[in-house]
Amino acid sequence: MPVPKLWDFGQGAQVGTAGYRCFRWNDSGRLRPVWTDVWYPARAPEQAVFYGAGQGSAAMDAAIDTSAAPHRLIVMSHGAFGLARDYSWIAEHLARRGFVVLGVSHYGESWVYGPETIEQAAVTRLWLRPPDCTFAIECLLSDHEFKESVDPARVGALGHSSGGATAMALGGATFDAAALMAYCRSGEAANDLGCRYAETISAAQTPPPQAAASYRDPRVVAIAVLDPAAGPGFNATSLAAVRVPVLVVGSEENDFLPYAQHAAHFAALLPRCSLITLRRGEGHFVYLNCADSGLQANGVPLYVDRLGVDRQAVHARLAPAITDFFETTLGGKR
């Protein structure tokens, strides 16, 4: 599949161009680097940007557009072993419509830190992710330029797969690692490829106390999740604690995570939830950028979709829906 030409998905008021820059922060309290990609409204010409997997268009290191500030903020978390820029298609779209998108890459999983930092077991430590996002929000709100241009009272969270579970935690859901492991060892998980990440963990291993802690960030007042993972690790009581509005998008004919145990599970138990179900063969990785790559995860291609699935068309459908959700829940431009 060829790398697509630069495009915008249309619909919605366009406030300007998308700016793009990277920040490399370090959480000294946790001895953990937190690197981020930030997309934001700018008033400078866009240029082609190659994100590694996928191509887009943004004004590199341009000044943020202050004419409509303060802007709404979306903190974004990637899927297992991914990186923030895998989702530039939605980040650029939101930035052109007045949002600042703070994409967090999680250390131990993300290749942005270098292949030597990858740890296979890191993907099972979901409790390490939400503090990365909270720390990144604090850093951005302290930045000399962005702190005057971002509204700290209008913050949303967006995540795909493990990033969806991360967003749930930011909304107040608590994670039960033992319940997820029990599910993965049951016959119910026979077709759940996400459980392969947990195969190296001993059944006798006890999750640390911080695994079940609350990572609620009170600044997060709306959440959108794309084919969220770790469904069996969040029970009804846990998800009932998420009082903010949530948009769940799930792939019914899933090639990686069974829809019933993950996306549909979240949608059924969240108190304030809207659900979009993709039913035309879209797989778990249709939410990544369009790219020309043969990379796979547990045998499933990341960038090659099933016959008849048009990834760009899926993005064109979802981008306005996600934007409308955040426009409604976070409020329009001030």
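For Tyr287, what charge total do you get from the other residues with a beta carbon under 13 Å from its beta carbon, if Lys and Arg give +1 and Asp and Glu give -1? The partial results should precede the final answer.
Details: positive: Arg311, Arg317; negative: Asp86, Asp227, Asp255, Glu282, Asp305.
Around Tyr287, the surrounding residues sum to -3.
For the stretch 217-334, rounded, prolate or oblate, judged on the Cα gyration tensor with a ≥ b ≥ c (square roots of eigenvalues), a/c < 1.5 rounded, else prolate if a/b > b/c? Kindly include the intermediate steps, with their values, before the conclusion.
Working: a/c = 2.22, a/b = 1.38, b/c = 1.61.
It is oblate, given that a/c is not under 1.5 and a/b is not larger than b/c.
Within the stretch 224-265, report the chymotrypsin sites (Phe, Trp or Tyr not before Pro) that DSSP leaves as loop and that have at most 15 other Cβ atoms within 10 Å.
Details: sites: Phe234, Phe256, Tyr259; in loops: Phe234, Phe256, Tyr259.
The qualifying sites: there are none.
Mind ranking 42-51, 285-294 by how tightly packed they are, going by the mean number of other C-beta atoms within 10 angstrom, highest first? Kindly include the intermediate steps, with their values, before the conclusion.
Working: 42-51: 16.1, 285-294: 20.7.
Put in order of decreasing packing, that is 285-294, 42-51.
Assuming R0 = 45 Å, what is the FRET efficiency of Gln210 and Arg317, from their Cβ-Cβ distance, to the nearest 0.05?
On the way: r = 38 Å, r/R0 = 0.85.
After rounding, the FRET efficiency stands at 0.75.
Under the Cβ-under-4.7 Å rule, which cysteines of the chain stay unpaired?
Cys22, Cys133, Cys139, Cys273, Cys290
Report, to the nearest whole %, how much of the accessible area of the stretch 201-266 belongs to carbon and sulfur atoms, 1.4 Å probe, protein only.
Values: 1420 of 2450 Å².
For the stretch 201-266, the apolar C and S fraction of the accessible surface comes to 58 percent.
Which percent of the Cα-Cα distances in the stretch 32-137 go past 17 Å?
Working: 2986 of 5565 pairs.
Percent of Cα pairs beyond 17 Å in the stretch 32-137: 54.
Enumerate the calculated ³J(HN,Hα) couplings along the stretch 208-214 in order (Karplus 6.51 cos²θ - 1.76 cosθ + 1.60, θ = phi - 60°), each rounded to whole Hz, writing x wherever the residue is Gly or Pro.
After applying 6.51 cos²θ - 1.76 cosθ + 1.60, I find x, x, 5, 4, 9, 6, 8 Hz.
Residue by residue, what Karplus-based ³J(HN,Hα) values in Hz, rounded to whole numbers, does the stretch 221-231 have, using 6.51, -1.76 and 1.60 with θ = phi - 60° and x for Gly and Pro?
Ordered by residue, 3J(HN,Hα) equals 10, 7, 9, 10, 10, 10, 6, x, 9, 6, x Hz.
Take every DSSP beta bridge with both residues inside the stretch 178-334 and express the antiparallel ones as a percent of the total, to the nearest 5. Provide the component values of the computation, followed by the final result.
Working: 2 of 12 bridges.
If I count the DSSP bridges inside the stretch 178-334, around 15 percent turn out antiparallel.
Based on the mean of other Cβ atoms within 10 Å per residue, sort peptides 158-167, 79-88 so the most packed one is first. Don't jump to the answer; show the numbers that get you there.
On the way: 158-167: 29.5, 79-88: 25.3.
The peptides rank, most packed first, as 158-167, 79-88.
Write down the percent of antiparallel bridges among all DSSP beta bridges whose residues are both part of the chain, to the nearest 5. The partial results should precede the final answer.
Numbers: 23 of 53 bridges.
The antiparallel fraction comes to roughly 45 percent.
Give the long-range amide H neighbours of Ile74: residues separated by 5 or more places, or on another chain, with amide H under 5 Å away, using H modelled in the peptide plane at 1.01 Å from N.
Under 5 Å from the amide H of Ile74 lie the amide H atoms of Val100, Val101, Leu102, Gly156, each far enough along the sequence or on another chain.
Please list, ordered by chain and number, the residues whose modelled amide H lies under 5 Å from the amide H of Val150; skip anything fewer than 5 residues away on the same chain.
His71
Taking amide H positions as placed in the peptide plane 1.01 Å from N, state which residues far from Thr17 in sequence (5 or more) or on other chains have amide H under 5 Å from it.
Distant-sequence amide H within range of Thr17: Ala42, Ala44.
The values are calculated or read from the model by the stated rules, or taken from the named source; none is laboratory data. Predicted model, so just to flag it, every value in this text is computed and none were measured. Note that each Cβ is placed from the backbone with ideal geometry, even for glycine, and that neighbours are counted across all protein chains shown. Side chains included, ligands, DNA and RNA excluded: accessible areas come from the protein's heavy atoms. Shrake-Rupley method; radii C 1.70, N 1.55, O 1.52, S 1.80 Å.
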